[in-house]
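**Q** I'd like to ask you about the structure that follows.
The values are calculated or read from the model by the stated rules, or taken from the named source; none is laboratory data. Just so it is clear, the structure is predicted and the values come from calculations on it, not from any experiment. All Cβ positions, glycine included, derive from the backbone under ideal geometry; neighbour counts span all protein chains shown. Note: areas computed on protein heavy atoms with side chains; ligands, DNA, RNA excluded. Shrake-Rupley method; radii C 1.70, N 1.55, O 1.52, S 1.80 Å.
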Amino acid sequence: MEPTERIWMDGKLVDWEKANVHILTHGLHYGGGVFEGIRLYKTSKGRAIFRLKDHMIRFFDSAKVIELKIPFSLDELCKATKEVVKANRSKVDYIRPIAYYGSGAVGLNPIKLPTKVAIACIFMGAYLGDEQQKYGAKLVTSSWEKPSNRAAAVNAKICGNYVNSVLARLEAVHKGADEALMLDSGGNVAEGTGENIFMVRNGEISTPGMASGILGGITRDSVMKIAPELGYEITERDITRSELYVADEVFLTGTAAEVLPVRSIDDRSIGAGKPGPITMELAKEFTSITMGKRKKFLHWLDYVD
Ligand SMILES: Cc1ncc(COP(=O)(O)O)c(C=O)c1O
């Protein structure tokens, strides 16, 4: 990652190298924090942030789950996001807001700790790589299960939740795969480590429901709203691992990954082992929307410049 110029921290823009935290930060020791990932796209009318308000709503919702009081309003953080993007002239395409319990005591109880908030932007490019974006990603099923809704608040983007994803991702990398497929506590398909998952079989598109302990992805929601425009219906239902093996197409969705084809799972080729036609159609439409080429979805774009 290349350094960018300025980072918004607790109400002020600071230089990249000065955006540091205290070593006794609760969020660092216990994962007491929440974060977002937001994409920034180039359109013919300048740079636009994709679904900024929806991401900020989820940010506040995640904070509520861990009783983290954010000392800024939603509007203020939307404004701050635009401000930090403008303050970075370098090439940036990804925004990372984070809020966390700061320092003041060592121990799990965060109640008296201050809330710290920051918004950074960086250049990310294709999250799993350009080759994977073009030809499809290789997945392996993780031996780590996705915590159930009883084990963790998995529908919130809480920093500590992501150690599970880190374990799964490490395992996948060691096995030579691009990404891990995570199963839920009942053995059904949940999601990737940072993406939701969809399968296509006989023209039908399905995706696991929220009970599988998935994050309610904003890209997932976007795809579910775009698909009917293209004449497809998407069903939320339980999906088994072996159903994915025999799917015609599988794809992942996420802010970082966007709409990403899957070419193999556990060494079984998915369909023809290359991106399928429905995946490509949805990915293309998603790109057109992010570039401001679809009137119906222009409200998802917040122009910056
Ligand atoms: C665990 C997990 N699932 C799914 C997603 C996809 O969500 P979104 O499309 O909102 O980025 C993410 C990324 O935020 C994630 O961390």
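**Q** Quick check: is even one residue across segment 94-110 open to solvent by 40 Å² or more (accessible area, probe 1.4 Å), closer than 21 Å to MET9 by Cα and within 15 Å of the chain's Cα centre (by Cα)?
**A** Yes, some residue in segment 94-110 is open to solvent by 40 Å² or more (accessible area, probe 1.4 Å), closer than 21 Å to MET9 by Cα and within 15 Å of the chain's Cα centre (by Cα).
**Q** Report the residue count in segment 235-258 for those that are under 30 Å from PHE50 (Cβ atoms), in a loop (DSSP other than H, G, I, E, B) and open to solvent by 10 Å² or more (accessible area, probe 1.4 Å). Write out each step before concluding.
**A** Taking segment 235-258 and keeping what is under 30 Å from PHE50 (Cβ atoms), we get 235-239, 244, 247-258.
Keeping just the survivors that are in a loop (DSSP other than H, G, I, E, B) gives 237-239, 247-248, 255-257.
Imposing the further condition that a residue be open to solvent by 10 Å² or more (accessible area, probe 1.4 Å) reduces the set to 237-238, 248, 255-256.
Of the residues in segment 235-258, 5 are under 30 Å from PHE50 (Cβ atoms), in a loop (DSSP other than H, G, I, E, B) and open to solvent by 10 Å² or more (accessible area, probe 1.4 Å).
**Q** Taking GLU236, is it charged (D, E, K, R), touching a strand residue (DSSP E or B) at 6+ places or on another chain (Cβ under 9 Å) and closer than 27 Å to ASP61 by Cα?
**A** Working: charged (D, E, K, R): yes; touching a strand residue (DSSP E or B) at 6+ places or on another chain (Cβ under 9 Å): yes; closer than 27 Å to ASP61 by Cα: yes.
Criteria met by GLU236.
**Q** For segment 29-48, state whether one or more residues are open to solvent by 80 Å² or more (accessible area, probe 1.4 Å) and over 30 Å from PHE297 (Cα atoms). Reasoning before the result, please.
**A** Quick first cut of segment 29-48, residues open to solvent by 80 Å² or more (accessible area, probe 1.4 Å) only: 29-30, 42, 44-45.
Those still in the list that are over 30 Å from PHE297 (Cα atoms) too: 29-30.
Checked against the condition, which is being open to solvent by 80 Å² or more (accessible area, probe 1.4 Å) and over 30 Å from PHE297 (Cα atoms), segment 29-48 yields at least one hit.
**Q** Could you list all residues from segment 42-54 that are within 19 Å of LEU77 (Cα to Cα) and outside any helix (DSSP H, G or I)?
**A** As a first pass, look at segment 42-54 and keep what is within 19 Å of LEU77 (Cα to Cα): 47-54.
Of everything in segment 42-54, those that are within 19 Å of LEU77 (Cα to Cα) and outside any helix (DSSP H, G or I) turn out to be ARG47, ALA48, ILE49, PHE50, ARG51.
**Q** Out of SER222, SER206, I need the residue that is surrounded by 13 or more Cβ atoms within 10 Å (Cβ to Cβ), in a strand (DSSP E or B), of a type in the set (S, T, N, Q) and out of contact with any helix residue (DSSP H, G or I) (no Cβ under 6 Å at 6 or more places or on another chain). Which one? Write out each step before concluding.
**A** Working: SER222 fails: in a strand (DSSP E or B).
The unique qualifying residue is SER206.
Table: residues versus (1) farther than 17 Å from LYS116 by Cβ; (2) assigned to a strand (DSSP E or B); (3) modelled with pLDDT of 95 or more; (4) over 20 Å from the mean Cα position of the chain (by Cα).
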| position | (1), (2), (3), (4) |
| --- | --- |
| THR4 | yes, no, no, yes |
| VAL14 | no, yes, yes, yes |
| GLU17 | yes, no, yes, yes |
| VAL21 | no, no, yes, yes |
| LEU24 | no, no, yes, yes |
| GLY27 | no, no, yes, no |
| LEU40 | yes, yes, yes, no |
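**Q** Residue under question is ALA283, and the condition is that it be closer than 29 Å to MET56 by Cβ and in contact with an Asp or Glu (Cβ under 6 Å, 6 or more places away or on another chain); does it hold? Before the answer, list the steps.
**A** Values: closer than 29 Å to MET56 by Cβ: yes; in contact with an Asp or Glu (Cβ under 6 Å, 6 or more places away or on another chain): no.
Criteria not met by ALA283.
**Q** Residue pairs, Cβ under 7 Å, 6 or more apart or interchain, first in segment 28-52 and more than 16 Å from PRO97 (Cα to Cα), second part of a strand (DSSP E or B) and within 11 Å of the ligand (Cβ to nearest atom). List them.
**A** Between residues of segment 28-52 that are more than 16 Å from PRO97 (Cα to Cα) and residues that are part of a strand (DSSP E or B) and within 11 Å of the ligand (Cβ to nearest atom), the close pairs are TYR41/PHE50.
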